[in-house]
1. Provide the three semi-axes, in whole Å and in decreasing order, of the ellipsoid equivalent to segment 15-165 as defined by the square roots of 5 times the Cα gyration tensor eigenvalues.
2. May I ask you to derive the FRET efficiency for S157 and R250 from their Cβ-Cβ distance with R0 = 30 Å, giving the value to the nearest 0.05?
3. Among DSSP bridges having both ends in the chain, what percentage is antiparallel? Round to the nearest 5.
4. About the Cα centre, and with charges only on the beta carbon of Lys, Arg (+1) and Asp, Glu (-1), how big is the dipole of the chain? Nearest 20 debye, please.
5. Would you work out the charge dipole size for segment 163-279 about its Cα centre, treating the Cβ of every Lys and Arg as +1 and the Cβ of every Asp and Glu as -1, and quote it to the nearest 20 debye?
6. Could you tell me which trypsin sites (Lys or Arg not before Pro) in segment 91-142 are loop residues by DSSP with no more than 16 other beta carbons within 10 angstrom of their beta carbon?
7. Using modelled backbone amide H atoms (1.01 Å from N, in-plane), which distant-in-sequence or interchain residues come within less than 5 Å of S47's amide H?
8. Longest segment of the chain with no GluC sites (Glu not before Pro) in a DSSP loop having at most 14 other Cβ atoms within 10 Å?
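None of the figures in this text is laboratory data; all of them are computed from the coordinates on show. Just so we're clear, the structure is a prediction, and the values are computed from it rather than from any experiment. We place every Cβ from the backbone using ideal geometry, glycine too, and count neighbours over all the protein chains shown.
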Amino acid sequence: MKVRFLGTAAGGGAPQWNCGCATCVRARRDGVSRTQDCLAVSGDGVSWYLVNASPDLRTQLLATPELAPAAGSRVSPVRGVVFTSAELDHTLGLLTLREAEVLDVYATATVHNALRSGFSIETTVGSYTRLRERHLAPGTPVELEGGLRVTLSVLSSKRPRYAGTTPLGEEWVGACRFDSGPGTRVFVYAPGLAAWTGEFGRAIESADVVALDGTFLTEEEMGPGRPASGMGHLAITDVLPFLAEHPGPRYLFTHLNNTNPLVLPDAPEMSALAEVNASVAFDGQLLEF
Ligand SMILES: [Zn+2]
């Protein structure tokens, strides 16, 4: 299996255009840049699937040689998009894919509902390309090209702000488990982990690599009255004890908010991660396992 991290920051990227926090100031000074959360996964190195489609997608695709079309063709190795949520930072990049001849979009019924009504990007893009709505029913593996399959587990019912209170379903935020069948390599991607649940424990069972929510380093990072847990994210310092209890996989944090000191590669807080076989993913990082 191959996994390419295309972007590793939360919504807004890091540094964020309108932010002068300590991390953003240092990132600007040192030339550190993280684009918004998105990755590509492949079972055979030929057919690739985007997991989430960030607003930075065009730049990310151009920076990734294995996602370029073969010379003389308009056939992209990108076979489709899998959504872990309906949040704007995970879905706006769909607009960038409107030149595709056909586009398979995998998501829960709830996420499709949101992208058809609350924020009708699937409807809009469907006017430009043949967008095929593929459904991920929680717990049911779905076959993809290249010998890959994906199984979604629901992690939380935290809905995007634009969805308001319209009843659209409860399967809002998920973890995606990629494998090629029983006994094969396993990759789990969970950029929005609100709590370490039994459901999530099962999702990462026998996983080789787990990429997980690194939005905030600490619960209080955003200041008084804005706890990480209130925004649907389990802070890294609170997840580390769970990683110690679940040794085996290699853990990589992604989806870092611009306030997170771990945005910077030389952050001293990095050392605690190594103790539990964890690290912070970086833009362009390629994993083969
Ligand atoms: Zn900032």
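1. 25, 22, 16
2. Working: r = 29 Å, r/R0 = 0.97.
With R0 = 30 Å, the Cβ-Cβ based efficiency is 0.55.
3. Details: 25 of 52 bridges.
Here the share of antiparallel DSSP bridges comes out near 50 percent.
4. Working: 23 positive and 31 negative charges, 146 e Å.
Roughly 700 debye for the chain.
5. Numbers: 5 positive and 15 negative charges, 54 e Å.
Computed about the Cα centre, the dipole is about 260 debye.
6. Values: sites: R98, R116, R130, R132, R134; in loops: R98.
For trypsin sites (Lys or Arg not before Pro) across segment 91-142 that sit outside H, G, I, E and B with at most 16 neighbouring Cβ atoms in 10 Å, the list reads R98.
7. Under 5 Å from the amide H of S47 lies no amide H from a residue far enough along the sequence or on another chain.
8. Working: sites that count: E99, E101, E170, E205, E220, E275.
Looking at the chain, 1-98 is the longest stretch - no exposed GluC sites (Glu not before Pro) with at most 14 other Cβ atoms within 10 Å.
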